[in-house]
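To start, the structure itself, in structure tokens.
The values are calculated or read from the model by the stated rules, or taken from the named source; none is laboratory data. Quick caveat: nothing in here was measured; it's all calculated off a predicted structure. Please note: Cβ atoms are built from the backbone with ideal geometry, for glycine as well, and neighbour counts cover all protein chains shown.
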Amino acid sequence: MKKNILLVAALLIFYSGQAQKIVKTINAEVSQQELKSHLYFIASDELRGRNTGTVENEIAAQYIASRFRSYGVQMAPGADSYFQQVSLMNAISPQKATFTVGEKEFALGEDLVFYTAKNGAFSGEVIYVGYGLEEDLEGLDLEGKIVVAKTGNGNPNERLTPYTIQKQRAVEQAGGVALVELFKPGRYPWRLIQYYFSGEKYSLYEGNEEEEEEAGFPSAWLLDEDGDLLSYFESLEEGATAEMTIGGQANKVIKVPNVVGYIEGTDPKLKEEVIMISAHLDHVGVSKVEGDSIWNGARDNGIGIANMLTAAEFLAKHPPKRSIAFLACNAEEKGLLGSRWYADHPVIPLEKTVYDLNTDTGGYNDVSKVTVVGFNRTSVTDLFSQAATAFNLEAIDDPLPEENYYDRSDNVSFAAKGVPSVSFDPGYTEMNEEITKYYHQPADEPQTLDYDYLTKYSKAYIYAVTLIGNHGEDIFWTEGDKYEPAGKELYGRD
């Protein structure tokens with residue numbers, strides 16, 4: 001017994017000493033000036049907000065790749081470039097459209113907006129399908145029909161557009177002619193929907209460029225201010241028909257770069273497992289306003305990219321037992337498209353990717369904390385607390401779960417495939433003016449940041465990656481998490 005106690009004590013002293021050594025090395029080698037220089041470049045006026053599809057966005061991607069190369073971060077195994085080209089459909093909203101059902105006619109803008117569309121005249125029998133979810137569509141014949149549904153899934157706290165995407169795909173695959181969703185204003189006013197759905201929109205595109213003129217599927221939202229239209233469609237006689245005309249819509253296929261890097265782990269066995277570090281490189285570009293029109297995106301997501309590059313420089317010199325991959329995602333602001341593309345076309349097999357540690361932020365308002373969105377959702381919660389405490393910070397869970405930030409950032413692209421994922425972000429405790437005065441505003445510039453805090457935050461992030469990379473126990477979802485079944489399928493667990 002005495003020998004066992006002595007052995008345990010010796011092991012505790014050894015591991016404590018190792019931890020102190022890593023923390024000391026991080027403190028000595030992570031440079032505030034280097035972190036600051038990344039942010040001043042990424043969020044400079046010259047990069048004009050890094051909007052998807054622009055030259056400045058490409059320059060940001062080239063900068064990240066050049067830093068990877070200089071730090072000794074390798075290309076992913078089997079790759080011949082740091083870049084993964086993401087294929088997007090850039091769609092210009094219709095300039096004219098009508099939707100007619102019986103004696104009712106609805107006009108573009110006033111009553112009708114389009115999520116996706118293509119020019120032409122479309123007609124067919126109308127079928128009302130409730131919310132249009134999988135269980136609502138089961139057993140229904142949608143071939144040649146115009147499908148009418150309610151927006152969302154009935155939960156007012158969840159985003160609506162992800163469900164629009166799901167329904168649109170299901171209706172198109174089932175041979176439907178068009179999807180029309182009834183929108184009753186509540187949390188979001190109609191004028192905001194009009195703004196969001198107008199102009200240019202982006203979506204992933206899996207076809208050939210020659211097919212781009214035919215791409216798109218008529219998917220519209222119809223204003224139902226008082227709920228009268230819902231009653232109308234619910235009581236519509238079987239066999240009733242509708243017509244839809246669309247004009248002035250245009251499509252263009254573009255390619256934008258994700259940036260992927262790789263550091264091989266040190267353990268002969270554990271190096272087959274990969275920890276992914278992700279952050280999005282794009283922002284929203286330049287607006288048509290007087291005065292400062294450049295939306296620099298220092299917080300969103302210059303902090304994430306600077307954090308990634310700072311981690312890359314350190315981890316290239318001090319790799320953990322598991323391998324590390326880096327994914328600078330594009331088109332996050334267009335709907336998480338770059339990370340979704342990677343998850344569908346992984347450069348490193350997802351079954352080898354055992355964790356994703358994302359960074360994405362709209363800002364911070366508590367410099368004593370780091371906020372881990374998904375704090376308790378995976379088996380490494382204690383490591384986040386340990387990493388933060390080492391640099392005099394406190395790791396906390398997302399204080400605004402009602403905003404559903406977890407499913408609104410790139411980590412969810414991995415989670416949906418089953419990869420345990422969180423977003424390790426600068427500290428926020430509420431949505432107040434300190435956040436809103438910078439979030440998606442031209443004022444979000446690099447000189448407004450607290451670099452003493454961000455350096456501590458980045459050190460805690462690097463330590464968290466190191467702890468997870470060296471973790472000797474199982475890494476997986478917390479039992480009962482909604483993404484646990486996808487994880488069991490991905491990794492072949494019972």
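Quick look at the values:
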item: Criterion: closer than 26 Å to ASP444 by Cα, in the same structural domain as ASP407 (by TED's automatic domain parsing), touching a residue at least 24 places away in the same chain (Cβ under 8 Å) and among the hydroxyl-bearing types (Ser, Thr, Tyr) - qualifying residue of SER323, SER293; result: SER293
item: Output for the range 413-434, where each listed residue is within 21 Å of GLY302 (Cβ to Cβ), hydrophobic (A, V, I, L, M, F, W, C) and surrounded by fewer than 24 Cβ atoms within 10 Å (Cβ to Cβ); result: MET431
item: Members of the range 80-111 found to be closer than 30 Å to ARG67 by Cβ and of a type in the set (Val, Ile, Thr), listed by number; result: VAL86
item: Which listed residue, of GLY472, GLY480, is more than 13 Å from LEU35 (Cβ to Cβ), in a loop (DSSP other than H, G, I, E, B) and touching a helix residue (DSSP H, G or I) at 6+ places or on another chain (Cβ under 9 Å); result: GLY472
item: Subset of the range 45-71 [small (Gly, Ala, Ser) and surrounded by 18 or more Cβ atoms within 10 Å (Cβ to Cβ)]; result: GLY49, GLY53, ALA60, ALA61, ALA65
item: Given (1) among the hydroxyl-bearing types (Ser, Thr, Tyr); (2) in a helix (DSSP H, G or I); (3) surrounded by 17 or more Cβ atoms within 10 Å (Cβ to Cβ), number of the condition TYR196 does not satisfy; result: (3)
item: Residue under evaluation VAL177, criteria (1) within 25 Å of the chain's Cα centre (by Cα); (2) surrounded by 16 or more Cβ atoms within 10 Å (Cβ to Cβ), criterion not met; result: (1)
item: Conditions (1) touching a helix residue (DSSP H, G or I) at 6+ places or on another chain (Cβ under 7 Å); (2) farther than 21 Å from HIS471 by Cα: number failed by LEU400; result: (1)
item: Looking only at the range 63-104, and only at residues there that are of a type in the set (Gly, Ala, Ser) and assigned to a loop (DSSP other than H, G, I, E, B), the one that is nearest to GLY199 (Cα to Cα); result: SER93
item: Condition check for ALA107: in contact (Cβ under 8 Å) with a residue 60 or more places away in the chain and outside any helix (DSSP H, G or I); result: no
item: Out of ALA306, ALA316, sole residue that is touching a residue at least 60 places away in the same chain (Cβ under 8 Å) and either in a loop (DSSP other than H, G, I, E, B) or crowded, with 20+ Cβ neighbours inside 10 Å (or both); result: ALA306
item: Answer residue from the range 75-107, given it is surrounded by 15 or more Cβ atoms within 10 Å (Cβ to Cβ) and more than 30 Å from GLY120 (Cα to Cα) and is nearest to the chain's Cα centre (by Cα) among those; result: GLN84
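Yes/no per residue for (1) more than 18 Å from ALA460 (Cα to Cα); (2) in contact with a Cys (Cβ under 8 Å, 6 or more places away or on another chain); (3) not aliphatic (A, V, I, L, M):
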residue: PHE326; (1), (2), (3): no, no, yes
residue: HIS345; (1), (2), (3): yes, no, yes
residue: LYS369; (1), (2), (3): no, no, yes
residue: VAL373; (1), (2), (3): no, no, no
residue: ASN376; (1), (2), (3): no, no, yes
